[in-house]
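Encoded as C-alpha cells, the structure appears first; notes follow it.
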Amino acid sequence: MTSAMSVTGRSLRELIDGAGERSLAAAGLACLDRCLPLLGPDLGDLLRPVWAAVARGDGPAWGESLAKARAELDGAAAGAGEGDPGEAVRGMLAAAPAAWAAGDLRAWADACSATALVLHGRHDPAGVPDGLVERCRAGDAEGAGPLLAGELRRQQAVLEAVAHGPTGLRRARELSVEGGRVLRAVVSRRARTA
C-alpha cells in the first residue's frame with residue numbers, strides 16, 4: 001500500500017471533513033483552477049476575482065464573483081458534449097454554491113476534489129481504474145499514476161496551507177498555478193502527438 005497521507009498524517013477525505021469555510025472554498029476553487037487548461041489556454045484570469053473573495057472571506061463577494069466567472073465562461077466556446085473533460089470543468093464552476101456556508105462548501109469541495117483527480121488520472125498512461133480515486137482520497141494511493149498522485153498531493157497541500165491564513169492562501173494559489181501549468185503541458189503534448 002502506497003500511503004496518500006498528508007504531511008499532518010491525515011487523508012484527503014479527513015482534511016476536507018475538518019476544514020472551515022475559507023479552506024473549503026479555496027480547496028474547491030483550487031481544483032477548478034488547476035483544471036481550467038482543459039477548457040483552453042485563455043482562461044488564466046477567469047477565477048482571479050473569486051480568489052480575491054476567498055482571501056477576504058466575503059460571502060457576498062464570493063457569490064458575485066462566481067456569477068461573473070460563470071457569465072464569462074458561458075461566453076467561451078462550448079465543449080464537445082457529455083463526457084468531454086471541459087464539460088466536467090464547467091460543471092465544477094456551475095455547482096459552486098453562492099452561499100458562504102460550510103455544508104454547501106464542503107459538498108462542493110468534495111465533488112471538485114473527486115472530479116479533479118479523475119480528470120488528472122485520465123491523462124496518466126494507466127488511466128483511472130475503478131475505485132482508485134476514492135482509495136486515494138482515503139489514504140491509499142497504490143496504483144496512482146504521476147498526474148493523479150501529483151494532483152492528490154496538491155489538494156492536500158492546499159487544505160493544509162489555507163489553514164495558516166493569508167500566507168497559506170497565497171501558497172494555495174501558487175500550487176494551483178503550478179498544477180495548471182503541468183496539466184496544460186500534458187494536454188499540449190498529447191495534442192501534438194495525436
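The values are calculated or read from the model by the stated rules, or taken from the named source; none is laboratory data. Values in this document were obtained by computation on a predicted structure and should not be read as measured data. Here Cβ is always computed from backbone atoms with ideal geometry, including for glycine, and neighbour counts include all displayed protein chains. Calculation scope for accessible area: heavy atoms of the full protein, side chains included, ligands and nucleic acids excluded. Shrake-Rupley method; radii C 1.70, N 1.55, O 1.52, S 1.80 Å.
Listed by first and then second residue, the pairs with beta-carbon distance under 8 Å, at least 6 apart or on different chains, first residue in segment 176-189 and polar (S, T, N, Q), second open to solvent by less than 40 Å² (accessible area, probe 1.4 Å) and part of a helix (DSSP H, G or I), are 176/29; 176/30; 176/33; 176/34; 176/154; 176/158. Among the listed residues 11, 23, identify the single one that is among the hydroxyl-bearing types (Ser, Thr, Tyr) and more than 14 Å from the chain's Cα centre (by Cα). After applying the criteria, what remains is 11. Of all the numbered requirements in (1) free of Cβ contacts under 8 Å to residues at least 40 places away in the same chain; (2) within 12 Å of the chain's Cα centre (by Cα), residue 69 misses one, and that requirement is (2).
Note down all Cβ pairs under 6 Å where the first residue falls in segment 128-148 and is farther than 21 Å from residue 159 by Cα, the second is among the aliphatic types (A, V, I, L, M) and at pLDDT below 95, and they're at least six residues apart or on different chains. These pairs meet every condition: 142/1; 145/126. The set of residues from segment 122-172 being closer than 29 Å to residue 55 by Cβ, at pLDDT 90 or above and small (Gly, Ala, Ser) comprises 149, 150, 157, 161, 168, 172.
The residue that is farthest from residue 14 (Cα to Cα), counting only those in segment 149-175 that are among the polar types (S, T, N, Q) and touching a residue at least 24 places away in the same chain (Cβ under 8 Å), is 155. Cβ-Cβ distances below 7 Å connect the following pairs, each with a first residue in segment 90-108 that is farther than 12 Å from residue 17 by Cβ, a second residue that is in a helix (DSSP H, G or I) and of a type in the set (S, T, N, Q), and a separation of six or more residues or different chains: 92/115. Filtering 144, 157, 172, 161 for residues that are assigned to a loop (DSSP other than H, G, I, E, B) and touching a helix residue (DSSP H, G or I) at 6+ places or on another chain (Cβ under 7 Å) leaves a single hit, 144.
Does residue 64 satisfy the condition of being open to solvent by 40 Å² or more (accessible area, probe 1.4 Å), in a helix (DSSP H, G or I) and farther than 20 Å from residue 156 by Cβ? Against the criterion (open to solvent by 40 Å² or more (accessible area, probe 1.4 Å), in a helix (DSSP H, G or I) and farther than 20 Å from residue 156 by Cβ), residue 64 qualifies. Just one of the listed residues (74, 33) is open to solvent by 10 Å² or more (accessible area, probe 1.4 Å) and either within 22 Å of residue 120 (Cα to Cα) or touching a residue at least 12 places away in the same chain (Cβ under 8 Å) (or both), and it is 33.
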